[in-house]
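Asks: Please find one structure pasted underneath; my questions will follow.
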Amino acid sequence: MKHIFNIIACAAIVMTASISCEDYLDKSPDLGQDESVVYDSYESMRGYIDRAYLLLNRWNTCIGEMGMSGTMNSMAHTDELSSQVQEENFLANNFHYGNWYSTNRNSNWEVGVSGSTVIASCYQALRIANKAIAGMDNVKNITDEQKKWLIGQAHFYRAWYYYNLITRYGGMPKFDHAFNGGDDNVPRMTYRQSHDWMMEDIEIAIANLPDYWDDSNYGRPDKAAALGFKAQALLYAASPLFQNGLSSTEKLPYDKQLCLDAAAAAQACIDFIAATPACKRELTQIADKTTMDDYHGIFVLEKTDYAHPEYLWWDRWQGTAQNMNNTLLRMWLWAEFNKNTGNAAQQFCSPTANIVEYYERKGTDGKYYPITDPRSGYVPVVADDPESIGPWSNMQNRDPRMYANLLFPGERWGTHLDQPYYICSWEGSPALQTIKAGNASGKREFGGWMCQKYIWPEASQTYKTSQTNTEGFDLKRIRSFFIRVSEMYLDYAEALFEATGSATTKPDGFSMTPKEALDIIRARVGVTPIVDDLATPDKFRETYRRERAVELMFEGNHRWEDIRRWMIFDEVFPTTSPIYRYEWTCLQNDVATSANPAPLISSSYNDGKNLTFTYKKVKNNSEVRVYTDKNYLYPFPGAELGSLSLLKQNPGW
């Protein structure tokens, strides 16, 4: 960890992107400039603090070698996504096997502590925040109000990046100043101690940040962002994993008082948004629950939009057509949408059967049920049984979010070389054969769907005749967002239920029961309220966790953090090959019916034949997950352990 403190003490922060064009962003003590430049004015100190913003984890953006891609996707080490390429795949060849310990300060994504990794960026940002906090009284040409804004931002960033460390490592030392070398052999605190210190920063941020920014500053942390952060942080601190000290990883009960605090914080955020229209936040209402255009619009923005009202805290970085091209081709689009070869053509990720089966189905009584419930009308399919065939009706009448988030076989999706394009993801189709035959894939298997959540039909190098077209990628933008308004309802439901043990109790001072909070999220997409027998004390934990998996699906580290803080490796990954896929069979010359009530899936393919499908559920043997109790917390590299006598390694490493 000596290296870690050296980063905090001496980091040379070099940025290639900016959220504004002012020259002051290029001046800071860390770049060898005179410190007086930073303290010249409100604008210069703000520019220095903005460097912490530039270190945010852009999980939905592929930039450079350490950026996200299909081989380094924060959703592909859970049960959400399958990674389609074998070559140079850190996930498939290293991370999935759970052996994350290294004697070196490796620069590998997620568990690495150097280079452009999340952890390394956290240490750099902490130094920026600490120097800004320490020097705030030295800033000249600044009003009292401007000083409050800077204090709020600096403390928000220090809390945010510290939070990103402790949710990975557990308790950490108190990073309350910029270390100068020689003062860095300090002991770790427990998670609860670390959390309590961090909460002081969050409260300072809430007290000092403005209720809202003007349009030119929209996207900086404001009061709504800080309130949402507080709710999430309290819920995580209340969760089973983080009840442990430094010597164990036992599955312990929730902290009920922290749960109550988390529910109150989530309600405070919801209430603030309702009372403060100028903050430009809201729970988006879905006008057409068939097409779900408003829902898809939360995740795919117009080119000129830097944010969406449902984002509480996000990275407003705009990017370019080339950035979108790189990101979508390397994370979300399969080979037919690009003219690249090798890894670049095949490194996207595909949704797994495991995660898709969380979507509920509407029964004959018009109510939605889990597909494991006979009332859903879902025909059970036995995994790895060649005689067990899933009917197409299983894909009908499902939660509308399924059709907004996934692309099904046969679904019409824009044009390809000036011809109507249909998703050809069934066995024997040319597009799927291209994936299977690619040398870079290493025979890794397709999950059964493409993820629609972050793509649009024109995002293809071949949506026009041109073989090198990137124009379509410039039509829309996607963002890396960290907290959405809908999460506040999910956090509220979990926290209040775990505090009271009841899904239908509304203690004094609270405005909703846990069930009512989830029903709000469900109602806006046309899903019926949770049936009473799934809201009982013995069923509701499973219910809120399923709802959380569906609403936050494919959204950064949410699923990974949930699985870890709930300590459910044994449930989600019961074997070393726990991931399943759907193997689709196309039935030609049959009457095709749409999975979606609005016929997203065309009744005819481009050869004029009508299509429908059946499927088998098959184990995806290429997807390994070897996670044990030690993997709930990340290990410190051995080089750091050897240099700091007071540093305690996490259990099992």
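Asks: Could you work out, for the chain, what percent of all Cα-Cα pairs fall into each 20 Å distance bin, beginning at 0 Å and stopping at the bin that holds the largest distance?
Replies: Spelled out per bin, shortest first, that is 18, 54, 26, 2.
Asks: How far, in degrees from 0 to 90, does helix 191-208 lean away from the longest principal axis of the Cα atoms of the chain, to the nearest 10?
Replies: 80
Asks: Across region 471-480, in residue order, what do the Karplus-derived ³J(HN,Hα) couplings come to in whole Hz, using 6.51 cos²θ - 1.76 cosθ + 1.60 with θ = phi - 60° and x for Gly and Pro?
Replies: Calculated HN-Hα couplings, in order: 4, x, 6, 8, 7, 10, 9, 10, 10, 8 Hz.
Asks: Mind giving me the FRET efficiency for E250 and T576? R0 is 30 Å, r the Cβ-Cβ distance, nearest 0.05 is fine.
Replies: Efficiency, rounded to the nearest 0.05: 0.85.
Asks: Using a 7 Å offset from the Cα along the Cα-to-Cβ direction at both A639 and N138, what is the distance between the two label points in nm, to one decimal?
Replies: 3.1
Asks: Specify the angular offset, from 0 to 90 degrees and rounded to the nearest 10, of the alpha carbon long axis of helix 223-238 from the longest principal axis of the alpha carbons in the chain.
Replies: The angle comes out near 80 degrees.
Asks: Please work out the FRET efficiency for the pair D294 and Q649, using the Cβ-Cβ distance as r and a Förster radius of 60 Å; give the result to the nearest 0.05.
Replies: 0.80
Asks: Could you check the simple spin-label distance between E427 and N621, using points 7 Å along Cα→Cβ, in nm with one decimal?
Replies: Here the modelled spin labels are 1.5 nm apart.
Asks: Would you mind checking the tilt of helix 42-53 against the longest principal axis of the Cα atoms of the chain, expressed as 0 to 90 degrees and rounded to 10?
Replies: That works out to roughly 40 degrees.
Asks: Express the accessible area of region 188-307 per residue in Å², computed with a 1.4 Å probe while the remaining protein chains stay in the model.
Replies: With all protein chains present, region 188-307 gives 39 Å² per residue.
Asks: Calculate log10 I(q)/I(0) of region 247-290 for q = 0.15, 0.18, 0.19, 0.26 Å⁻¹, where I(q) comes from the Debye formula with a single equal point scatterer on each Cα and nothing for solvent.
Replies: -0.63, -0.72, -0.75, -0.93
Asks: Can you tell which of L241, F179, Y212 lies farthest toward the positive end of the dipole of region 162-275, using +1 and -1 charges on the Cβ of basic and acidic side chains (Lys, Arg; Asp, Glu)?
Replies: Result: L241, furthest along the dipole toward the positive end.
Asks: Residues with beta-carbon under 15 Å from that of F229, excluding F229: net charge, scoring Lys, Arg +1 and Asp, Glu -1?
Replies: With Lys, Arg at +1 and Asp, Glu at -1, the net is -3.
Asks: Something else now. So what is the calculated 222 nm ellipticity per residue for the chain, using -39500 (n - 2.57) for each DSSP H run with n of 4 or more, over all residues, to the nearest 500 deg cm²/dmol? Walk me through the numbers before you get to the answer.
Replies: On the way: 21 runs with 221 residues, N = 653.
Helix-only estimate at 222 nm: -10000 deg cm²/dmol.
Asks: What is the pair-distance distribution P(r) of region 422-555, computed from all Cα-Cα distances in 10 Å bins starting at 0, with each bin given as a whole percent?
Replies: 10, 27, 24, 19, 15, 5, 0
Asks: Under a plain spin-label model, where a point goes 7 Å from the Cα along Cα-to-Cβ, how far apart in nm are D532 and Y218?
Replies: The two pseudo-label positions are separated by 4.5 nm.
Asks: Same structure again: Using modelled backbone amide H atoms (1.01 Å from N, in-plane), which distant-in-sequence or interchain residues come within less than 5 Å of I483's amide H?
Replies: Result for I483 returns L312, W313.
Asks: Could you sort the peptides 559-571, 386-398 by per-residue average Cβ neighbour count (10 Å cutoff), highest mean leading?
Replies: Going from most to least packed, we get 559-571, 386-398.
Asks: Charges only on Cβ, +1 for Lys and Arg, -1 for Asp and Glu: so what's the dipole of the chain about the Cα centre, in debye to the nearest 20?
Replies: It comes to approximately 820 debye.
Asks: In whole Å, what are the extents of region 290-415 along the principal axes defined by its C-alpha atoms, from largest to smallest?
Replies: 48, 39, 27
Asks: Determine how large the accessible area of R541 is when every protein chain is in place; take a 1.4 Å probe and give Å² rounded to the nearest 10.
Replies: That residue has around 100 Å² of solvent-accessible surface.
Asks: Which net charge results when you count Lys and Arg as +1 and Asp and Glu as -1 among the other residues whose beta-carbon is under 10 Å from that of P651?
Replies: 0
Asks: With charges set only on the Cβ (+1 for Lys and Arg, -1 for Asp and Glu), what does the dipole of region 357-476 come to about its Cα centre, in debye to the nearest 20?
Replies: That gives region 357-476 a dipole magnitude of about 220 debye.
Asks: Please list, ordered by chain and number, the residues whose modelled amide H lies under 5 Å from the amide H of H416; skip anything fewer than 5 residues away on the same chain.
Replies: Close amide H contacts, sequence-distant or interchain: Y421.
Asks: Given the pairs K251/K443; K289/K506; K453/K539, which span a C-alpha to C-alpha distance of over 31 angstrom in this model?
Replies: K251/K443
Asks: To continue, here is another question. For an R0 of 45 angstrom, estimate the FRET efficiency from the Cβ-Cβ distance between E200 and I568 and round to the nearest 0.05.
Replies: Once rounded, the FRET efficiency stands at 0.90.
The values are calculated or read from the model by the stated rules, or taken from the named source; none is laboratory data. Just so you know, these numbers come straight off a predicted model, no measurement behind them. Note that we place each Cβ from the backbone using ideal geometry, even for glycine, and neighbour counts take in every protein chain shown. Side chains included, ligands, DNA and RNA excluded: accessible areas come from the protein's heavy atoms. Shrake-Rupley method; radii C 1.70, N 1.55, O 1.52, S 1.80 Å.
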